[in-house]
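Everything on this sheet refers to the single structure shown next.
The values are calculated or read from the model by the stated rules, or taken from the named source; none is laboratory data. No experiment lies behind these values; they were computed from the predicted model shown. Positions of Cβ are generated from backbone atoms using ideal geometry, with glycine treated the same way; all protein chains shown enter the neighbour counts. Heads up: the accessible areas ignore ligands, DNA and RNA and are worked out on the full protein's heavy atoms, side chains in. Shrake-Rupley method; radii C 1.70, N 1.55, O 1.52, S 1.80 Å.
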Amino acid sequence: MIEGLMIGLSAAFSLQNLLMVIFGCLIGTFIGMLPGLGPMSIIAIMIPVAITIGDPSAALILLAGVYYGAIFGGSTSSILLNAPGVAGTVASSFDGYPMARKGQAGKALTIAAISSFAGGSIGALLLMIFAPMLSTVALLFHSAEYFALMVVGLSAIAAFAGTGNVAKAVLMTLLGLILATVGEGALFNLPRFTMGIMDLQSGLSFITLAMAMFALPEALFLVMNPARSAQGDGGKITGLRITREEGRKIAPVIGRQSIQGFFIGVLPGAGATIASFLGYAVERNIASKEEQKEFGHGSIKGLAAPETANNAACTGSFVPLLTLGIPGSGTTAILLGALIALNVTPGPRLMIDEPQIFWAVIISMYIGNLVLLVLNLPLIPYIAKVLTIPRNYLIPFILFFTLMGSYIGQNNATELLLLVGMGVCATILRFADYPLAPLLIGFILGRMLEDNFARSMQLYDGMGFLIDRPMTLGLLVIAALLVVVPSYRARRAKARAKGIADGD
Amino acid sequence: MTLKLGRRALMVAATAAMSFGTPVLAGGHQVLDSIHFLIPGGAGGGWDGTARGTGEALTNAGLVGTASYENMSGGGGGKAIGYLIENAESNHGTLMVNSTPIIIRSLTGVFPQNFRDLTLVAGTIGDYAAMVVPADSNIDSMADLLAAYDADPNSTAIGGGSVPGGMDHLVAAMVMEAAGKDALEVKYIPYDAGGKAMAALLSGEIKALSTGFSEAVALAQAGEVKILGVTSDERVGAYEDAPTMKEQGIDTTFVNWRGFFGAPGLPEDQLAAYQDAIAKMYDTPEWEAVRARNGWVNIHNSGDDFKAFLENQEKVIGDLMKKLGFL
């Protein structure tokens with residue numbers, strides 16, 4: 001591990017990678033603040049930029065920076081405008097906005113920044129400890145276990161469906177699975193469902209699909225729904241200081257929520273959104289009677305809890321991505337797609353074959369959190385001005401990068417047609433309030449699910465692997481439980497998160 | 001702002017790439033003004049690397065004035081082939097890169113054309129195939145692997161990073177056939193990437209892995225695998241410890257080649273100029289730098305040799321695929 005740390009330090013502190021961290025965090029903070037644009041949209045838009053860089057470590061550092069930057073920055077609009085930028089910061093508005101109304105906006109922003117910083121840093125520490133451990137176990141996994149893991153992942157989507165209802169999430173997951181069957185599979189030498197179109201031979205392009213699901217509809221949604229634009233002035237923010245006593249009050253909250261948030265983030269299907277709601281609920285339940293009354297009316301604990309939890313969860317979601325090659329959330333699904341496009345296969349071998357990628361990303365998270373602290377503490381009054389940018393400058397920018405991005409890399413004009421076609425479908429689905437993240441996760445898990453299932457069938461000449469491999473059976477039982485016992489928190493989250501971009 | 005940084009990063013990368021070989025100015029031996037490389041796959045793949053590496057060596061060595069590149073993915077390479085044939089007249093300045101899959105995919109009918117519809121310029125590099133087992137495996141030679149297979153064919157699965165009927169599968173089948181086994185009985189498990197196949201080998205899911213030789217050498221040098229056999233005629237200089245299949249009594253060889261094709265009806269003098277530039281390229285230090293960086297093996301087949309080589313490979317692969325039921 002020491003050796004790994006050294007590799008990571010030397011890679012992360014290269015000029016290029018430092019620039020990537022800073023740039024990623026900046027973009028993430030800005031976009032995360034804008035109500036309506038979730039981290040997924042902006043990461044989807046940034047993928048072509050990342051691929052052009054060519055170096056997988058730099059690309060992943062950039063995209064990861066955007067991700068936690070967005071979660072960090074999302075709190076600003078939650079607090080100032082009660083209009084959360086990303087779903088993961090919805091819970092931050094419960095107490096953050098009342099604080100701002102009481103004239104304590106500066107204090108609220110400071111608490112949010114400190115909690116986010118602590119959550120992110122402690123999360124990165126836990127990632128450093130747990131990812132190598134899980135990776136060692138994962139080296140023993142056979143196709144049968146991977147198949148079972150995919151099933152767990154898919155059922156978790158249903159269980160934790162953050163926005164929309166469970167039936168809709170299941171439907172969209174199925175649609176994703178169906179889309180994944182297009183093209184030549186890894187196991188069969190024959191094209192399926194290509195309708196004789198040559199461009200579909202190698203399947204739908206993940207990047208095009210991600211753009212169509214998250215960038216185009218976001219832009220169109222902003223055009224057609226101007227009411228969602230922010231109207232606050234975001235101007236006067238004073239009194240950034242917090243007292244020593246307040247610090248003492250939130251410290252235990254931060255400690256608990258860093259750990260809880262991280263482990264919720266590790267679970268496939270759960271993410272920053274679930275973690276922040278759970279964090280808020282848990283802290284309210286264990287607070288003293290007096291403090292409980294404050295929750296919802298500007299409690300600093302009620303703000304620190306979700307802010308810590310969502311950042312820790314965001315870091316935690318990198319565990320399944322980097323050790324198993326399985327995306328736990330829509331955002332990590334997009335990161336996985338970007339890595340595959342860069343010829344890197346995330347999985348237990350990543351730490352052995354390309355340790356510099358793994359460690360550089362982790363080290364960059366510490367740097368990133370520092371950068372974000374600097375961005376968010378002294379500079380926040382100025383950065384908050386971004387909330388006043390008119391939409392008509394923002395939308396063409398998004399459209400331009402979307403179209404350009406799907407063409408670059410493949411140099412294939414058909415991708416543009418596919419992008420627009422699927423983008424229109426996605427927009428219709430969004431208007432009907434269908435969550436799009438499950439579709440993307442279904443799409444990326446679908447092919448892995450099929451491949452691993454078929455391989456297991458081949459190796460065991462049938463379904464024998466279910467009995468022969470207890471770990472497979474155990475995972476499948478967990479998957480069944482996830483479907484049967486859906487989290488009641490998700491239902492609560494659903495109601496609150498209505499009308500906000502799919503968070504993670 | 002986004003664009004600026006992306007481009008800056010690209011420029012840094014490009015400068016780094018350039019610094020590998022010192023550009024030597026054309027000392028009067030320039031053969032061609034320019035070459036346009038058509039790459040039938042996306043950026044970052046094997047074809048892309050081959051075309052860009054070759055172009056880099058040719059221009060840096062001063063054999064060719066400028067090189068340009070175009071990625072045209074789609075249809076497993078079929079889109080670019082179709083484009084080159086349909087627009088043959090205007091593509092005399094274009095070279096398309098391709099490799100063993102052009103044979104396999106035209107046999108299976110992924111695209112209707114085959115290599116005879118194009119002008120054969122030259123095969124330039126190649127990679128042998130190899131069979132590997134984990135370093136701590138009790139299998140030490142092909143004989144051990146065959147013995148394990150005879151004892152329990154069902155649990156002696158061989159994996160590879162290609163679809164059934166793809167290159168890794170064909171190599172495994174070819175080797176087992178030559179060793180006197182029925183290739184149809186061999187349990188071949190496909191993985192969609194080399195890394196995943198390697199993880200499966202180390203987790204014990206598969207007993208042996210059929211893979212490219214340069215990949216196998218890298219893994220063997222890292223102490224992760226043992227190379228049981230390589231499909232070359234003689235032991236390869238890059239890793240002398242690896243025995244050939246032939247010396248273990250398995251009479252088979254296989255090369256995954258990469259080479260260049262021109263549009264149909266390419267004028268003779270133009271073809272000769274391309275072949276001349278490529279032939280001269282092998283003696284330059286610029287090429288050696290590119291080759292060594294990528295771990296390629298020089299396997300030069302020009303013109304009629306290239307044709308004979310491809311026809312032979314088409315026959316061997318075709319027979320095997322018929323036997324395996326893919327045709």
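Ranking B:K187, A:K249, B:K280 from most to least accessible surface, computed with a 1.4 Å probe over the protein chains only, gives B:K280, A:K249, B:K187. For the protein assembly as shown, give the percent of accessible area contributed by carbon and sulfur heavy atoms, probe 1.4 Å, rounded to a whole number. Here carbon and sulfur together make up 62 percent of the probe-accessible area.
For the range A:53-65, the Karplus equation 6.51 cos²θ - 1.76 cosθ + 1.60, evaluated at θ = phi - 60°, returns couplings of 4, x, 8, x, 4, 4, 5, 5, 4, 4, 5, 5, x Hz by residue, with Gly and Pro reported as x. The order of B:I102, A:I122 by accessible area, most exposed first and with a 1.4 Å probe, is A:I122, B:I102.
When only the Cβ of Lys, Arg, Asp and Glu is charged (+1, +1, -1, -1), the dipole of the range B:86-205 relative to its Cα centre reaches about 280 debye. For the peptides B:121-130, B:219-228, A:308-317, A:393-402, the ranking by mean Cβ contacts within 10 Å, running from highest to lowest, is A:308-317, B:121-130, B:219-228, A:393-402. Between A:F400, A:Y434, A:N82, the Cα set farthest toward the positive side of the dipole of the protein assembly as shown (charges on each charged residue's Cβ, about the Cα centre) is that of A:N82.
A simple spin-label model places the labels of A:M404 and A:I352 4.1 nm from each other, with each point 7 Å out along Cα-to-Cβ. The overall shape of the range A:16-496 is prolate: from the C-alpha gyration tensor, with semi-axes ordered a ≥ b ≥ c, the ratio a/c is 1.5 or greater and a/b exceeds b/c.
Phi-derived couplings, Karplus 6.51 cos²θ - 1.76 cosθ + 1.60 at θ = phi - 60°, listed residue by residue for the range A:19-31: 4, 4, 4, 4, 5, x, 5, 4, 4, x, 4, 4, 5 Hz, with x used for Gly and Pro.
Heavy-atom accessible area for B:H92, with the other protein chains in place and a 1.4 Å probe, reaches approximately 50 Å². Compute the Cα gyration tensor for the range A:342-451, then decide on rounded, prolate or oblate, letting a ≥ b ≥ c be the square roots of its eigenvalues: rounded whenever a/c is under 1.5, prolate when a/b is larger than b/c in the other cases, and oblate in all that remain. Here the range A:342-451 falls in the oblate category.
In this structure, the amide hydrogen of B:N71, modeled 1.01 Å from its nitrogen in the peptide plane, lies closer than 5 angstrom to those of B:I39, counting only residues at least 5 positions away or on a different chain.
If you take the accessible area of A alone plus B alone and subtract the pair, what total do you get in square angstrom, rounded to 100, with a 1.4 Å probe? That pair hides around 3400 Å² of surface in total.
Near B:V225, the amide H atoms lying under 5 Å from its own belong to B:A135, B:A220; only residues 5 or more places off or on other chains count, and H is placed 1.01 Å from N.
Across all C-alpha atoms in the protein assembly as shown, the radius of gyration and Dmax reach 28.1, 92 Å. Ordering B:L84, B:L146 by accessible surface, largest first, gives B:L146, B:L84; the 1.4 Å probe counts only protein heavy atoms, with every chain in place.
Taking all protein chains as they are arranged and a probe of 1.4 Å, the heavy atoms of A:E3 leave approximately 140 Å² accessible to solvent.
Over chain A, DSSP H runs of length four or greater, each weighted -39,500 (n - 2.57), average out per residue to a 222 nm ellipticity of -23500 deg cm²/dmol. Computed over neighbours whose Cβ is under 15 Å from that of B:N154, the net charge equals -3, Lys and Arg +1, Asp and Glu -1. Around the amide H of B:G165, modelled in the peptide plane, lie the amide H atoms of B:L170, all under 5 Å away and 5 or more residues distant in sequence or on another chain. Couplings for the range B:101-111, taken from phi via the Karplus curve 6.51 cos²θ - 1.76 cosθ + 1.60 with θ = phi - 60°, read x, 5, 5, 5, 6, 7, 5, 7, x, 4, 10 Hz in order; Gly and Pro are left as x.
In terms of its C-alpha gyration tensor, the range B:128-254 has a rounded overall shape, because the principal axis ratio a/c (a ≥ b ≥ c, square roots of the eigenvalues) stays below 1.5.
The per residue volume of the convex hull around the alpha-carbon atoms of chain B is 146 Å³. Ligands, DNA and RNA excluded, the heavy atoms of B:K207 present near 80 Å² of accessible surface to a 1.4 Å solvent probe. For the segment B:196-206, counting C-beta atoms of other chains within 10 Å of every residue's C-beta and taking the mean gives 6. Net charge in the neighbourhood of A:A287 (other residues with Cβ under 9 Å of its Cβ; Lys, Arg +1, Asp, Glu -1) is -1. Counting Lys and Arg as +1 and Asp and Glu as -1 over every other residue whose Cβ lies under 12 Å from the Cβ of A:R192, the net charge comes to -1.
Think of a 1.4 Å ball rolled over the protein heavy atoms: the protein assembly as shown then has 38 Å² of accessible area per residue. For the range A:302-350, a decrease in accessible area of 20 Å² or greater in the assembled protein chains relative to the isolated chain, with a 1.4 Å probe, applies to A:N343, A:T345, A:R349.
The modelled label-to-label distance between B:A308 and A:S10, using points 7 Å beyond Cα along the C-beta direction, is 5.0 nm. When restricted to Cα atoms, the range B:27-146 yields an Rg and a Dmax of 18.4, 59 Å, respectively.
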